[in-house]
Amino acid sequence: MQTGKGDYAFVRKFRDSDLDVVVELANSSLSEYYGVDLIYDLSRQWPDGFLVYQFGNRVVGFLAGAKYSSNEARILLLAVDSSFRKIGIGTTLVEDFTKLCMQLGMMSVRLEVRIDNIEAINFYRKLKFVVISTMRNYYSDSSDAHVMWRLLSQ
Ligand code: ACO
């Protein structure tokens, strides 16, 4: 399986034609429910910060970013198709997003992750994010979230 970026596998900006597959990826990978309207609205908030990973003619991962403040970005949603995990796609999406943020002069990126999502926490730790706080009752089922943060100059 080819995993590197190139003509066959690459990161690009979200297109409206990706909407259904992104909604499916979000709802099969994440515990909250994400409707079509919500994903569509996110794609409009910051179009340059909504990335997908295309593998052949399939979208197999996406990252929805937002501007948290003038110098801080936020990863709202990140998911990779379960058949395509652990081959570097999530890392590529996060690194491309952080490069974009640095080009825009942003200093840091933050995100929230369920405190029991150990795989994702380890994934983000490997990408130099650190836990800076915990938010109680953050999710609809009252689960807590860790806030993770990364300084972009690192
Ligand atoms: N178990 C342990 N470590 C893991 C796992 C795992 N299942 N998956 C990734 N990692 C770690 C490893 O250290 C890995 O490095 P290695 O390959 O050298 O061992 C490193 O993360 C990089 O892995 P990638 O292959 O780049 O990550 P992947 O493409 O699998 O995507 C992701 C990671 C996005 C967390 C994926 O597992 C996923 O979609 N999970 C379900 C959805 C989810 O939890 N999303 C994040 C929610 S938080 C938010 O959206 C802000």
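The values are calculated or read from the model by the stated rules, or taken from the named source; none is laboratory data. Just so you know, these numbers come straight off a predicted model, no measurement behind them. FYI the Cβ positions are ideal-geometry reconstructions off the backbone, even for glycines, and counts take in every protein chain you see. Areas reflect the complete protein model, heavy atoms only, side chains present, ligands, DNA and RNA absent. Shrake-Rupley method; radii C 1.70, N 1.55, O 1.52, S 1.80 Å.
Shape of the range 9-66 from the C-alpha gyration tensor: oblate (a/c of 1.5 or more and a/b not above b/c, with a ≥ b ≥ c the square roots of its eigenvalues).
Using a cutoff of 8 angstrom between alpha carbon atoms and counting only pairs six or more residues apart, the relative contact order for the range 18-154 works out to 18 percent. Surface composition of the range 9-151: carbon plus sulfur atoms contribute 49% of the solvent-accessible area (1.4 Å probe, protein chains only, all chains present). Under 5 Å between amide hydrogens, built in the peptide plane, is the criterion, and for Glu72 it picks out Met107 among residues at least 5 positions away or on other chains. Take the chain with all the other protein chains still there, run a 1.4 Å probe, and you get 54 Å² of accessible area per residue.
DSSP loop (so not H, G, I, E, B), at most 13 other Cβ within 10 Å: list which GluC sites (Glu not before Pro) in the range 1-93 pass both filters.
On the way: sites: Glu24, Glu32, Glu72; in loops: Glu32.
Hits after loop and neighbour filter: Glu32.
Considering only Ser143, Ile89, Leu19, the residue lying farthest towards the positive end of the dipole of the chain is Ile89, judged by Cα position with unit charges set on Cβ.
Counting only DSSP beta bridges with both residues in the chain, what percent are antiparallel, rounded to the nearest 5? Don't skip to the end; give the middle numbers.
Numbers: 31 of 35 bridges.
Taking every DSSP beta bridge with both residues in the chain, the antiparallel ones total about 90 percent.
Mind checking the full-extension length gain between Ser83 and Asp7? Use 0.36 nm per residue of separation minus the Cα-Cα distance, one decimal, nm.
Working: separation 76, 0.36 × 76 = 27.36 nm, distance 2.05 nm.
The span from Ser83 to Asp7 would gain 25.3 nm if fully extended.
Residues of the range 114-154 with backbone nitrogen within less than 13 Å of a virtual label 7 Å along the Cα-to-Cβ line of Asn71, please, listed as ranges. The answer is 151-153, whose backbone nitrogens lie closer than 13 Å to the label point. Scanning the chain for trypsin sites (Lys or Arg not before Pro) in DSSP loops with at most 16 neighbouring Cβ atoms within 10 Å leaves 16-84 as the longest stretch between them.
Sparse packing (at most 11 other Cβ atoms within 10 Å of the Cβ) combined with a DSSP loop state is found for none of the GluC sites (Glu not before Pro) in the range 90-154.
Work out the length of the dipole vector of the chain about its Cα centre, built from +1 on the beta-carbon of each Lys and Arg and -1 on the beta-carbon of each Asp and Glu, and round it to the nearest 20 debye.
Numbers: 18 positive and 18 negative charges, 130 e Å.
My answer is approximately 620 debye.
Per the Debye formula on identical point scatterers at the alpha carbon atoms of the range 9-151, with no solvent, log10 I(q)/I(0) at q = 0.21 Å⁻¹ is -1.51.
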